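Peer 1: If you scroll down you'll find the structure; I have some questions about it.
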Amino acid sequence: MRLRPAYRISVWVPPAHAQRVLDGIVAVDELRLGGYDRVAWIAAVGSEQYRPLAGANPTQGRHGELERGDSVCVQVCIPRDGERLRRVVEDGIRPHHPWELPAIFVDETMLPLPD
């Protein structure tokens, strides 16, 4: 086993759009880990909240009112490569996510993969 540097990318998305976002990511990165591709994790349904402020262009909700809705977390891991990370976020996630400002988190991690 060898630890390999990776980015863990997590994005919260309404359940009905999770596959669309994942398909967008796979269109720009095969998400290959070892002998597998399209490797991703989708967490159980939870909830998210936000309040659109003046100047925001919400897909759902009204300015000044708290909005709550179901959400799942889609996670993928890629090798630590800045250009690959940019493609996944800018070309794979953002154009396929329904929100104006998707909740995207990037963590540096280590993946234990076979030699």
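Peer 1: Give the residues of region 66-93 that are touching a strand residue (DSSP E or B) at 6+ places or on another chain (Cβ under 8 Å) and in a helix (DSSP H, G or I), sorted by residue number.
Peer 2: Residues satisfying the conditions are 84, 85, 88, 89, 93.
Peer 1: Kindly indicate whether any position in region 31-51 is within 30 Å of residue 3 (Cβ to Cβ) and of a type in the set (Lys, Arg).
Peer 2: Yes, region 31-51 has at least one match.
Peer 1: Can you name the residue in region 1-23 that is within 10 Å of the chain's Cα centre (by Cα) and not aliphatic (A, V, I, L, M) and is also surrounded by the most Cβ atoms within 10 Å (Cβ to Cβ) among such residues?
Peer 2: Out of the qualifying residues, it is 12.
Peer 1: Can you pull out the residues in region 1-25 that are outside any strand (DSSP E or B), touching a residue at least 60 places away in the same chain (Cβ under 8 Å) and not small (Gly, Ala, Ser)?
Peer 2: Passing the criteria: 1, 14, 17, 20, 21, 23, 25.
Peer 1: Moving to a separate point now. State which residue is farthest from residue 83 (Cα to Cα) when the search covers only region 28-48 and only residues that are within 14 Å of the chain's Cα centre (by Cα) and not in a strand (DSSP E or B).
Peer 2: Across region 28-48, the extreme among qualifying residues is 43.
Peer 1: I'd like to verify a number: residues in region 101-115 that are part of a loop (DSSP other than H, G, I, E, B) and surrounded by 11 or more Cβ atoms within 10 Å (Cβ to Cβ), how many?
Peer 2: 2
Peer 1: For region 5-56, how many residues are under 17 Å from residue 79 (Cα atoms), among the basic types (Lys, Arg) and at pLDDT 95 or above?
Peer 2: 2
Peer 1: Next question. Take the conditions modelled with pLDDT of 95 or more, under 17 Å from the mean Cα position of the chain (by Cα), farther than 18 Å from residue 13 by Cα and of a type in the set (Gly, Ala, Ser) and apply them to residue 92. Does it pass?
Peer 2: No.
Peer 1: Under the condition of being loosely packed, with under 12 Cβ neighbours inside 10 Å and more than 24 Å from the chain's Cα centre (by Cα), which residue from region 49-72 is nearest to residue 18 (Cα to Cα)?
Peer 2: Here the residue is 62.
The values are calculated or read from the model by the stated rules, or taken from the named source; none is laboratory data. No experiment lies behind these values; they were computed from the predicted model shown. In this analysis, Cβ positions are derived from the backbone assuming ideal geometry, glycine residues included, and neighbour counts consider all displayed protein chains.
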